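Following: one structure in structure tokens, then a few remarks.
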Amino acid sequence: MSVSIIKRVGVTAIIVFLLFLLTFTVAMFLSDSKGPDSNVIDDHGQKIGGVFIRYQNQIYAAVPSNGYYLIKEADANSFKLVDDSYQNRQFGIDKNHAYCGNLVIKDFNPATAKAIGNDYFTDGKQTCYCASMSVRNEALSIASELGQRSLHGFGIYDKPQTYIYPLTKLEAGYAPYRAILKTEVVTNGTLSYYQGKILPQTHAAGLRQISELYNDGGIRESQHYLADGQSVYYKNTRLPLHDHPDLHAIVIDGQSQTDYLIDPKQGMVYVNDIPFDKQYSPYHVLSLNGEHVYHSLFLSKDGVFYFDKQEKKVLRIKDNPFGSGGFKEIAPLIFSDGHQILYTEASQIWGGYRNPGLKSESTHIFRLDEPTTGTWQKIGMVNGSFGSVWKNGNTYYYFDQLGYSQLINQTIYRITDQATVDALLFPEIRTDDIRKLVDKGHLAKVKRTELLEVKTKFSNGPGEVIWIVSAVFIGIQLIIWVLRKLGIKSPLASKISTLK
């Protein structure tokens with residue numbers, strides 16, 4: 001192959017790539033500006049109710065996290081909600097169709113449509129699940145979303161459905177479906193569904209929500225763990241254990257995205273539908289409090305265990321600082337065995353300018369190394385639930401319950417003077433007042449030793465994008481430089497060089 005042909009191929013490849021990059025960028029901008037602005041629809045539209053609004057004689061549905069979607073099939077004059085219940089705000093009907101958000105429910109009779117509860121609807125023949133909360137559309141990959149956005153920018157495709165009100169149709173049976181329990185469950189006596197998906201091998205008559213324990217001692221019904229007298233379920237997944245009355249779920253403050261089920265008979269823990277390793281049982285939870293942790297910690301004689309949300313599995317740290325036993329939680333996430341104090345603390349690491357974003361979250365276990373006399377006396381609470389003041393010997397300490405999210409980074413502070421003790425015990429003290437006491441040194445850092453760190457690392461996220469864009473730009477510049485050295489004079493290369 002001659003040098004001139006290689007040069008022409010190189011120039012053509014560069015031009016095609018740059019044109020594609022330019023076209024794609026323009027399409028992204030056009031997609032974002034396509035259609036009426038959400039604020040304009042809100043300000044000038046006629047509210048129908050629920051998530052629906054009439055604007056310029058067309059019906060739009062609000063899908064949280066992704067704005068308004070035009071419902072092309074909707075009849076603006078006859079459109080209305082199925083009823084006035086807030087729980088059914090996402091379900092609309094007109095003279096032709098029924099709608100779950102902006103989605104048309106095919107072959108569903110709007111004239112006989114009605115809600116039966118728990119996000120389920122029927123027309124007398126068919127029954128469907130239409131969730132009242134929108135979720136990320138898992139069926140739409142990132143590549144598909146980018147492709148659809150670019151096509152939408154040029155007006156040849158609809159706005160990508162990145163968020164959606166989940167919609168599924170239920171299998172018809174001999175008996176009508178009825179809503180049961182206080183979660184998204186229906187049954188017709190033979191088949192039972194949770195969030196529109198089948199609950200396998202259930203005994204509908206015995207279905208119940210498992211009790212859920214909170215850190216304030218309250219007991220409620222779990223929204224996700226179910227049992228029927230024989231089987232136990234996490235959402236739609238059947239767990240490998242038998243139902244019994246002692247099963248209970250726990251809620252750890254600040255860890256609402258993860259669910260835990262405790263089986264005290266076996267000493268087992270389930271995180272969502274994942275069992276902890278049975279060989280290390282029995283387990284027990286360190287605390288239900290979550291102000292100064294990013295991980296829910298469970299202890300056994302063989303170590304400390306936690307669920308890593310990034311790796312989606314239960315991990316183990318062999319050393320258990322509480323292994324000697326006898327530790328009691330004297331204040332949220334602060335433990336004493338009568339001789340020493342252990343406590344947890346949370347921290348984050350963020351990237352810099354060149355590689356921004358959250359890099360890791362850690363939960364630490366520290367031992368307090370202050371010169372203490374052994375006996376701790378609780379003096380009083382700080383504004384009910386902000387924290388508490390304790391005394392050891394002649395020294396006062398502040399045990400915090402606000403946590404990292406309120407910019408109170410440490411769990412234990414030494415109080416430096418009596419005026420600060422009085423300020424903390426003042427009934428109307430504010431969160432900002434406590435931060436100021438920390439900043440001014442009236443709440444001082446304590447001496448401590450780190451015994452354990454649990455860390456979850458996050459992907460580079462936006463930083464990766466910045467590096468990719470930078471690499472593409474540098475690559476283009478390098479190719480242009482090589483072409484110049486080869487004596488190729490490309491009009492496009494000349495134009496780019498003038499922009500430098």
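The values are calculated or read from the model by the stated rules, or taken from the named source; none is laboratory data. This structure is a prediction, so every number in the text was calculated from the model and none was measured. Virtual Cβ from ideal backbone geometry, glycine too; neighbours counted across all protein chains shown.
Among the residues that make up the stretch 250-265, is at least one of them more than 20 Å from V314 (Cα to Cα) and touching a residue at least 12 places away in the same chain (Cβ under 8 Å)?
yes
Pick from F79, F24: which is among the aromatic types (F, W, Y) and modelled with pLDDT under 95? So that I can check it myself, show each step before the final result.
Values: F79 fails: modelled with pLDDT under 95.
Criteria check complete, one pass: F24.
Of the conditions (1) within 29 Å of the chain's Cα centre (by Cα); (2) among the hydrophobic types (A, V, I, L, M, F, W, C); (3) surrounded by fewer than 18 Cβ atoms within 10 Å (Cβ to Cβ), V454 satisfies every one except a single condition; which number is it?
(3) is the only condition that V454 fails.
Would you mention how many residues in the stretch 409-441 are closer than 18 Å to L342 by Cα and in contact with a Leu (Cβ under 8 Å, 6 or more places away or on another chain)?
Result for the stretch 409-441: 4.
Residues in the stretch 291-301: is at least one touching an Asp or Glu at 6+ places or on another chain (Cβ under 6 Å) and either among the β-branched types (V, I, T) or within 26 Å of R220 (Cα to Cα) (or both)?
yes
Show the residue pairs that are 6+ apart or on different chains and have beta-carbon atoms under 7 Å apart, the first residue being within the stretch 401-412 and under 12 Å from S347 (Cβ atoms), the second being of a type in the set (K, R) and part of a strand (DSSP E or B).
Pairs that qualify, where the first residue is under 12 Å from S347 (Cβ atoms) and the partner is of a type in the set (K, R) and part of a strand (DSSP E or B), are Q410/K445.
Exactly one of (1) touching a strand residue (DSSP E or B) at 6+ places or on another chain (Cβ under 8 Å); (2) surrounded by 21 or more Cβ atoms within 10 Å (Cβ to Cβ) is unmet by G290. Its number?
For G290, the exception is condition (1).
Report, ordered by the first and then the second residue, all pairs with beta carbons closer than 6 Å, sequence separation of six or more or different chains, a first member in the stretch 51-63 that is among the hydroxyl-bearing types (S, T, Y), and a second member that is part of a strand (DSSP E or B).
Matching pairs, first to second residue: Y60/I53; Y60/Y68; Y60/L70.
Which residues, counting only those in the stretch 52-71, are closer than 17 Å to Y165 by Cα, outside any strand (DSSP E or B) and of a type outside the set (A, V, I, L, M)? It would help to see each step written out before you state the result.
Residues of the stretch 52-71 closer than 17 Å to Y165 by Cα: 52-53, 59-71.
Restricting the remaining residues to those that are outside any strand (DSSP E or B) gives 63-67.
Residues satisfying the conditions are P64, S65, N66, G67.
Quick one: G196 ticks every box in (1) surrounded by 16 or more Cβ atoms within 10 Å (Cβ to Cβ); (2) among the small types (G, A, S); (3) without any contact (Cβ under 8 Å) to a residue 40 or more places away in the chain bar one, so which box is it?
(3)
Suppose the filter is in a strand (DSSP E or B), in the same structural domain as G290 (by TED's automatic domain parsing) and at pLDDT 95 or above; does L437 pass it? If you could, list the steps in order and put the result at the bottom.
On the way: in a strand (DSSP E or B): no; in the same structural domain as G290 (by TED's automatic domain parsing): yes; at pLDDT 95 or above: yes.
Answer is no for this residue.
Can you go through V232, V186 and tell me which one is in a strand (DSSP E or B) and free of Cβ contacts under 8 Å to residues at least 60 places away in the same chain? Please lay out each step first, then the result.
Working: V186 fails: free of Cβ contacts under 8 Å to residues at least 60 places away in the same chain.
On inspection, the qualifying residue turns out to be V232.
Residue under question is Y225, and the condition is that it be more than 28 Å from S405 (Cα to Cα) and either in contact (Cβ under 8 Å) with a residue 60 or more places away in the chain or in contact with an Asp or Glu (Cβ under 8 Å, 6 or more places away or on another chain) (or both); does it hold?
yes
Just to be sure I understand, how many residues within the stretch 393-405 are surrounded by fewer than 18 Cβ atoms within 10 Å (Cβ to Cβ) and either within 11 Å of V438 (Cβ to Cβ) or over 35 Å from the mean Cα position of the chain (by Cα) (or both)?
Total satisfying the criteria: 3.
Scan the stretch 331-382 for residues that are hydroxyl-bearing (S, T, Y) and under 26 Å from G254 (Cα atoms) and jot them down. Before the answer, list the steps.
Initially, the stretch 331-382 is screened for residues hydroxyl-bearing (S, T, Y), giving 336, 343-344, 347, 353, 360, 362-363, 372-373, 375.
S336, Y343, T344, S347, S360, S362, T363 - these are the residues of the stretch 331-382 that are hydroxyl-bearing (S, T, Y) and under 26 Å from G254 (Cα atoms).
Among the residues of the stretch 308-315, is there at least one that is among the β-branched types (V, I, T), at pLDDT 95 or above and assigned by TED's automatic domain parsing to the domain that holds S281? Write out each step before concluding.
Initially, the stretch 308-315 is screened for residues among the β-branched types (V, I, T), giving 314.
Checking which are at pLDDT 95 or above leaves us with 314.
Cutting the leftovers down to assigned by TED's automatic domain parsing to the domain that holds S281 gives us 314.
Checked the stretch 308-315: at least one residue is among the β-branched types (V, I, T), at pLDDT 95 or above and assigned by TED's automatic domain parsing to the domain that holds S281.
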